[in-house]
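The values are calculated or read from the model by the stated rules, or taken from the named source; none is laboratory data. The shown structure was predicted, so the numbers you read here are calculated from the model rather than taken from an experiment. Cβ placement follows ideal geometry from the backbone for every residue including glycine, while neighbour counts extend to all protein chains displayed.
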Amino acid sequence: MSRDSAAAPGVRIRGLTVVYKTPAGELPAVSGVDLTLAPGTITGVVGESGSGKSTLALSLLNAVQPPGRISAGSVEIDGLGDVLALGGEELRRARGRKVGYVFQAAQNSLNPLKTIGKQLLDLGRSHDVDDLRELVRDAKGLLARMGLDGARVLDSHQHELSGGMRQRVGIMLALVLNAQVVVLDEPTTALDMITQATILRIIREVHEERALTTLVITHDVGAVAEVADSLAVMYGGRVVEHGPIAEVLGGPRHPYTQGLIRAIPRLSGDISLARALPGRPPTLGTLPVAGCVFRERCDRRMEICDTVEPEPVTHDGRTVSCHATGRPSPAVKRREYA
Amino acid sequence: MTVTVLPPGAGEVAAGTTRAALRRNFWRGVWRVLCRKPSRMAGVVIVVGFAVMGVVGPLLYPANLPRDDNALYAAPSLQHPFGTDFEGTDVLALVVTGARYVLLTGLATAVITVALGTAIGLFAGFRRGGWDTALMRLTDLNLAIPGLPLLLVLSTVWKFTSPLSMGLVLGLLGWGGVARAVRSQTLSLRERGFIEAARGLGLPTTHIIGRELLPSMAPYIAMNMLIAVTGAVYAQVGLFFLGVLPFDANNWGVMLNLAVFSGGALTTPAALPYLLAPLIAILLLTLGIVLIVDAMDEIFNPRLREE
Amino acid sequence: MTRAVRERPQGAAIARRVAGHIGRGLVMIWVVATISFFIIREIPGDPVQGMYETLLQKGMSPDQAERATAVLYGFLPTGSLWHQYVDYMWSLLHLDLGQSLSTPGVKVTSLIGSAAQWTVLPVLAGTLLSFLLGVTMGVYAAIKRSGKLGDLLALSGSLLHGVPVYVIGLLLTAIFTTLWPILPAGGPVDVAYVPGFNAGYIGSLVYHAVLPVATYTLASYGGWILAMKSNVVAVLGDDFILAAELRGLRRGFVFRYLARNAILPLFTILALSIGMLFGGSIFIEEIFNYPGLGLLLVNSISTRDYALMGGAFLVITVGIVVANIVADLLYTAIDPRVRSGETA
């Protein structure tokens, strides 16, 4: 396998705003997100459904689906430039070749009428791969790497594969063109526990072998804790906290992150200690226009939160958007989580 | 020529106490859906207009329509908006008086189709097992047998003199689609634990079928009934048009037959209005029913509602 | 979990499907044959008995008259009902449908054979044309579904789907032969030409086929456009289309994925459509005076040619059964899920 650029590319998202057209006007699903994916790291993005994390993932390929629209910002990828400025053929070629995208397992990301091998060839032809035989060889190698019989899988239709197998095929298709930025959208949702663990292990190993820059989107904090180097927490279309994963999970600073971690039930210990976050996750329509988006559910709400949106503040490599951090705070219990 | 609306998923069944309130909301919803697209209102107006025509139309004219020997195939005028036929009879009067037979047959067919189809579909879906298999084989057969050729052959034995006997035959030939739709609806309700839950509450079978299953299926049954009306209208007008039935009554199909095969409407423009009048009547009726079915589809299919 | 790729017992699954279809088809043909047997016997004044008695009056011996009647109708005029029925079925098994009464001395099978081409070819042409037209327009209506044009296409589909075939035929005739006479009003071909492989004859055939084929096409076009539109809308929402775009597949590939997945379910309606057109042939051939099976059936009824009537009815039914089997085989050939016995 040729590895022309050994160094993994970095990804810088700046001021990204995505709006959705609704009967009530254009509402932001992602607003002003800044996020840097350090080269060669795995960044996890967690958040409740509706927090804008999937929209963020699609933005990396400039693929937000209507009625959504990217209204501002940039996504700079080393060696590719601003993805949001790309269009037409340039954008199509970047997808798949530079940035690989892996879909949620349960949803079917494969054409049910064609064998995996034929879809692989379609992919190769779309990206002007000269040596299709080598492409097939690479694909078989990747599948074998993930514990599958490559020849048989390529000869199968989607309905002949289990959920875990399909997910591995999805990962293979995202990597086979040597994409160095990989986005995984809910990679383990709807898989059983053992398959989840296998897929997570594969993600970690392949990431290290191939020097990738990886973004994992999930609502499962436990899953992301196993693979990610850094963690970004999204709420109401904003990244409210971002930092090295052990530090974010071990010492969460944003009240939402603290609530999120409190809400995780532990296998050992008293289940009553797990406390659900009060209130409901916001939807596009119920998001406050001014001030902090989390204030309605926050236990440290202050006057300023109603009017001024907190700016992200970076300190010791950790970024937090909250007026209350830095001030004396009630001690967060159960810091032992890691 | 049977078309059947398949249920896109089961509707909700109202709990007893809230039923009246739901019904009120339902009519408000119907009104809203009708208002959103004026064409749907037009559909209702057209169909109501035809119904009125069928009921009072024949009363507006003398039993024997007047003839005017001086105005054979007269061109359309104020006195005769669609001209006259080969005997000098007003074509509009023929269309209006002919509506009763056509619509009555349609109604009879629809009632029989829906009653038979619902009963068979419910029974098959409710009992399952051997009964289900047997009844569905029968349904397949009913769907597969070509209706029109069979009708033609049957016309040599039966003369279909009254609209009701005509409706009976058409209904017996056309229940397959409704039966299949109702069965799949019943099975999907069963799959969601509807029937078991009702059984668990100790409700008798008649109650489960009458109060729980049927109301949730009523929309599809109603839509299929409307479609059955159009099917029946086409079939009988077609039979009269082909001339295999005795021309006892005044009827749109008889008009078509006489216009084409005796009047030479296809060769001389003079008889054209005589041909076009019943065709326009059929087209209008179709349009009205298509528009209403479209509106019903939106009322009863929540996936289409908010868009 | 890491379940091995399943074996694909393709041959056996297909054979089972075909066998099932043929079995059901045979049952249907048997039912239809039985119906036509009883109808011919039940016709007021029993034509079989009538013929037998007429021949007796003409001075034939009972034996001769019995044999002559049996030749005409395919079953004996005397004997028990059961005996007659078995006799009729036995003749059917030998493809003997009796002789025509209106054209004496001609076998029903040969009349049907020469009429069949005038029905089968236009029905196939109409099916193919309406399929291509409806599928193309359906894709277009789905892509433009929020615009005025999409609405218009869908409404035209619903209307054409709802209108009976004879209305379409009569309107086309009124427009193109009476108001604006550019096409022939009826008949299969201009009698002035010598039948054979010459430009004049073939040209005349095509010229006369325009209106019937157009009627067949319009009659089933509405169904195709409606079905295709809803299929395309459904597939557009499927994840694999977005996934293909995100993998950077060329537009051509994405469109092919979309089209193939949307067209596939249409094959289940194909049989229905062909059946509808076979039934519609009765009207179309009557309107355009086209000498096919439908016209044969209508004429046999008005001339009281009951042997011919039974035969034509049976053959139209067989045509529909065969169309059913062919449509399902096409479907099986294209859908890998059915092929491997997944939903069989």
The stretch C:309-324, residues that are among the aliphatic types (A, V, I, L, M) and at the interface with another protein chain (Cβ under 9 Å from one of its Cβ atoms): C:M309, C:A312, C:I316, C:I320, C:V321
Quick check on A:I70: is it closer than 26 Å to A:R166 by Cβ, of a type in the set (V, I, T) and out of contact with any Pro (no Cβ under 6 Å at 6 or more places or on another chain)? no
If I filter the stretch A:45-56 for residues that are assigned to a strand (DSSP E or B) and in contact (Cβ under 8 Å) with a residue 60 or more places away in the chain, do I get at least one hit? yes
Complete set of residues in the stretch B:66-108 that are at pLDDT 70 or above and among the hydrophobic types (A, V, I, L, M, F, W, C): B:V91, B:L92, B:A93, B:L94, B:V95, B:V96, B:A99, B:V102, B:L103, B:L104, B:L107, B:A108
Take the conditions more than 28 Å from C:S114 (Cα to Cα), out of contact with any Pro (no Cβ under 6 Å at 6 or more places or on another chain) and either surrounded by fewer than 18 Cβ atoms within 10 Å (Cβ to Cβ) or without any contact (Cβ under 8 Å) to a residue 12 or more places away in the chain (or both) and apply them to C:T303. Does it pass? no
Residues satisfying the stated conditions in the stretch C:138-147, i.e. closer than 22 Å to C:R260 by Cβ and either surrounded by fewer than 20 Cβ atoms within 10 Å (Cβ to Cβ) or outside the structural domain of C:E285 (by TED's automatic domain parsing) (or both): C:Y140, C:I143, C:K144, C:R145
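Regarding C:Y306, is this residue over 22 Å from C:V167 (Cβ atoms), of a type in the set (S, T, Y) and within 11 Å of chain B (Cβ to nearest Cβ)?
So C:Y306 fits the description; yes.
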Answer yes or no: is there a residue in the stretch A:101-123 that is modelled with pLDDT of 90 or more, out of contact with any Gly (no Cβ under 6 Å at 6 or more places or on another chain), part of a strand (DSSP E or B) and of a type outside the set (S, T, N, Q). yes
If A:V169 satisfies every condition in (1) surrounded by fewer than 21 Cβ atoms within 10 Å (Cβ to Cβ); (2) more than 10 Å from chain C (Cβ to nearest Cβ); (3) in a helix (DSSP H, G or I); (4) not polar (S, T, N, Q) but one, which is the exception? (1)
Some residue of the stretch A:228-237 being more than 13 Å from A:T41 (Cβ to Cβ) and in contact with a Lys or Arg (Cβ under 6 Å, 6 or more places away or on another chain): yes
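Residues being farther than 20 Å from A:A144 by Cβ and at pLDDT below 90: count how many of those fall in the stretch A:166-183.
The qualifying residues number 1.
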Read through the list (1) touching a residue at least 12 places away in the same chain (Cβ under 8 Å); (2) over 18 Å from the mean Cα position of the chain (by Cα); (3) at the interface with chain C (Cβ under 10 Å from one of its Cβ atoms), then give the number of the only condition that A:E89 fails. (1)
Across (1) at pLDDT 85 or above; (2) within 17 Å of C:Y290 (Cβ to Cβ), C:S204 clears everything bar (1)
For the subset of the stretch C:148-195 comprising residues that are touching a Ser or Thr at 6+ places or on another chain (Cβ under 6 Å), within 12 Å of chain B (Cβ to nearest Cβ) and of a type outside the set (A, V, I, L, M), which member is surrounded by the most Cβ atoms within 10 Å (Cβ to Cβ)? C:G169
Condition first: within 14 Å of another protein chain (Cβ to nearest Cβ) and of a type in the set (A, V, I, L, M, F, W, C). Can you find one or more residues in the stretch B:118-136 that meet it? yes
Among what's in the stretch C:39-84 and is among the aromatic types (F, W, Y) and in contact with a helix residue (DSSP H, G or I) (Cβ under 9 Å, 6 or more places away or on another chain), pick the residue that is modelled with the highest pLDDT. C:Y52
In the stretch A:121-138, is there at least one residue being hydroxyl-bearing (S, T, Y) and surrounded by fewer than 21 Cβ atoms within 10 Å (Cβ to Cβ)? no
Kindly list the number of the only condition in (1) in a loop (DSSP other than H, G, I, E, B); (2) facing chain C (nearest Cβ under 7 Å); (3) not β-branched (V, I, T) that fails for A:G79. (2)
Looking at (1) within 25 Å of the chain's Cα centre (by Cα); (2) surrounded by fewer than 23 Cβ atoms within 10 Å (Cβ to Cβ), which one does B:G202 not meet, given that it meets all the others? (1)
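Residues are listed down the side, and each one gets a yes or a no for (1) more than 27 Å from A:Q258 (Cα to Cα); (2) within 11 Å of chain C (Cβ to nearest Cβ):
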residue: A:L177; (1), (2): yes, yes
residue: A:V183; (1), (2): no, yes
residue: A:E186; (1), (2): no, no
residue: A:D192; (1), (2): yes, yes
residue: A:T198; (1), (2): yes, yes
residue: A:A223; (1), (2): no, no
residue: A:A232; (1), (2): no, no
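Only one residue in A:T55, A:T43 is within 14 Å of chain C (Cβ to nearest Cβ), buried (at least 17 other Cβ atoms within 10 Å of the Cβ) and not aromatic (F, W, Y). Which one? Steps first, answer last, please.
Working: A:T43 fails: within 14 Å of chain C (Cβ to nearest Cβ).
The unique qualifying residue is A:T55.
This table checks each residue for (1) touching a residue at least 40 places away in the same chain (Cβ under 8 Å); (2) of a type outside the set (F, W, Y); (3) surrounded by fewer than 22 Cβ atoms within 10 Å (Cβ to Cβ).
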| residue | (1), (2), (3) |
| --- | --- |
| C:P212 | yes, yes, no |
| C:A219 | yes, yes, no |
| C:I225 | yes, yes, no |
| C:A244 | no, yes, no |
| C:F253 | no, no, yes |
| C:A259 | yes, yes, yes |
| C:I263 | yes, yes, yes |
| C:L266 | yes, yes, yes |
Filter result for C:F267 (out of contact with any helix residue (DSSP H, G or I) (no Cβ under 8 Å at 6 or more places or on another chain), part of a helix (DSSP H, G or I) and away from chain B (no Cβ under 11 Å)): no
State all residues of the stretch A:154-165 that are more than 7 Å from every other protein chain (Cβ to nearest Cβ) and modelled with pLDDT of 90 or more; if no residue qualifies, say none. A:L154, A:D155
Take B:L242 and tell me if it is touching a helix residue (DSSP H, G or I) at 6+ places or on another chain (Cβ under 8 Å) and within 14 Å of chain C (Cβ to nearest Cβ). yes
Is it true that some residue in the stretch C:97-111 is modelled with pLDDT of 75 or more, assigned to a helix (DSSP H, G or I) and surrounded by 17 or more Cβ atoms within 10 Å (Cβ to Cβ)? yes
For the stretch C:236-246, check the following and say yes or no: at least one residue is part of a helix (DSSP H, G or I), under 15 Å from the mean Cα position of the chain (by Cα) and not aliphatic (A, V, I, L, M). no
Within the stretch C:277-300, considering residues that are surrounded by fewer than 24 Cβ atoms within 10 Å (Cβ to Cβ) and within 21 Å of C:F38 (Cα to Cα), the one farthest from the other protein chains (Cβ to nearest Cβ): C:N299
